[in-house]
Amino acid sequence: MTEEGPPPGGRSGFVALVGRPNVGKSTLLNRVLKYPLAAISPRPQTTRNRIAGIWSAPGVQAILLDTPGLHAPAKELNRAMVDAASAALHDADLVVWIIDPAREADPESDRGIRERVERAARPTILAINKVDAVPKAALLPLMSAWEEAVHPVAQVPLSARTGENVDRLLDEIASRLPEGPPLYPEDQIALVTERFIAAEAVREQVFLRTSQEVPYSTAVVIERFEEQPSREDPERRFIRVIARIVCERASQKGILIGAGGAMLKAIGTRARQDLERAFDARIHLELHVSVDEDWTKDRRKVKTYGHFGV
C-alpha cells in the first residue's frame, strides 16, 4: 500500500491471476487467503475454471480471480478452461501475470499469453514466482528482459510456496485498484459455494494420487450436501457429502477404485480431513465412481462436469 494509505473511500476491484499452467496461481491464491480454496497439485492444468477469492485489508478489497493456465486447447474441456482464463482478463481491473523463471527466462516464449494480456489492455503486475528455486544471480537479467518486453506497472519476485515477498505483491495490488468501497462483506473470502470447495478437495486428491491421463479425464460431482448439528457437539456442524467421480474409461474407474477399494478410500480419507479443517466441521464423505465415455470432448458435459460458470 502507498505510504499515504488508501483513499478515504477505499479501493476495491477485480484482479486476474494469469499465466502458464503450473506456475503457482492457485498456490498464491491459497497463500493470500490463508485458506485451501483452490485445488493444488504438481501437475499442470489442475485449475479448470475461474475461482474468485476475496482478500480484504483496511481500506482495500481485491477479488482475486484464479484462472486455468493458458495453453493450446486440444479438447472441449481445454477450450473451456482457456475461455475462462481469457474472460477473467477482460473482466479484471488489474492483471497479475505469474511466471516461473526456471521455464520462462525468455519473454518470447510466452508470446501467446503476452498477446492476450495486451488485448485486455489492463495494468499488469509481473509476479516472478518460485524464486526460492532459482539462483539469485539469474533474477536481475531475467527481470530486465521482461521489463523491456512487457513494460509492467511493477515487478515482484516472490515465492507463493514460502510466502516470500507476497506482502509486497499485495501492496502493489492495493495501490493500483480503482477507488471505491468494498464490494463484499469483509469477512467473506470466496465467491464459490461449500459444495464447490468439497468437489475441489476430492479432485485435488485425484490429481495427487493418480497418474497419466486419469486426473485429466475425471470430474467430481457433489450429489448431496447436507448440514446438521453434530450429535457429539451441538455447537459444531456435521456435514454429509456424497460425491461422484466421473471418468472416461472403465480402466480409469478401476484405477480410481484400486485393489479392494484402497485408492478410493485413500482419496476419500484425505479429502475428508482437508474439508474438516477447511469447514471446521465433522464431515462424512461418501465417494462413488462412474464412467461417462469421452465426456471431456462433449461441450455440454464439460459445462456440467467442469463447474464452468461457478
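FYI, it's all coordinate maths here, none of it is from the lab. Only a predicted model underlies this, so the values are computations on that prediction, with no experimental measurement involved. In this analysis, Cβ positions are derived from the backbone assuming ideal geometry, glycine residues included, and neighbour counts consider all displayed protein chains.
Roughly what % of DSSP beta bridges within the chain run antiparallel, to the nearest 5? Counting only bridges with both partners in the chain, antiparallel ones make up about 40 percent. Under the combined filter of DSSP loop state and at most 12 neighbouring Cβ atoms within 10 Å, the stretch 140-210 retains these GluC sites (Glu not before Pro): GLU186.
Using packing as a proxy for protection, rank 31-38, 105-112 so that the peptide with the highest average count of other Cβ atoms within 10 Å comes first.
Result, highest mean Cβ count within 10 Å first: 31-38, 105-112.
Stokes-Einstein diffusion of the stretch 139-245 at 10 °C, 1.306 mPa s viscosity, Kirkwood radius from Cα pairs, rounded to a whole number: 85 µm²/s.
Cβ under 10 Å from PRO107's Cβ, PRO107 left aside: what net charge do those residues give with Lys, Arg +1 and Asp, Glu -1? Combined, the nearby Lys, Arg, Asp and Glu give -4. Computed from the alpha carbon atoms alone, the convex hull of the chain holds 141 Å³ per residue. For GLY163, what charge total do you get from the other residues with a beta carbon under 12 Å from its beta carbon, if Lys and Arg give +1 and Asp and Glu give -1? So the environment of GLY163 carries a net charge of +1. With a cut-off of at most 13 other beta carbons within 10 Å, and DSSP calling the residue loop, which trypsin sites (Lys or Arg not before Pro) in the stretch 229-272 qualify? Please list them. Filter output for the stretch 229-272: ARG231, ARG236.
With respect to the chain, whose longest principal axis is taken over its alpha-carbon atoms, helix 139-150 is tilted by about 80°.
Charged side chains reduced to their Cβ positions (Lys and Arg at +1, Asp and Glu at -1) give the chain a dipole of some 1120 debye around its Cα centre.
Placing unit charges on the Cβ atoms of the charged side chains and taking the dipole of the chain about its Cα centre, the candidate lying farthest along the positive direction among SER109, ALA259, GLN205 is ALA259.
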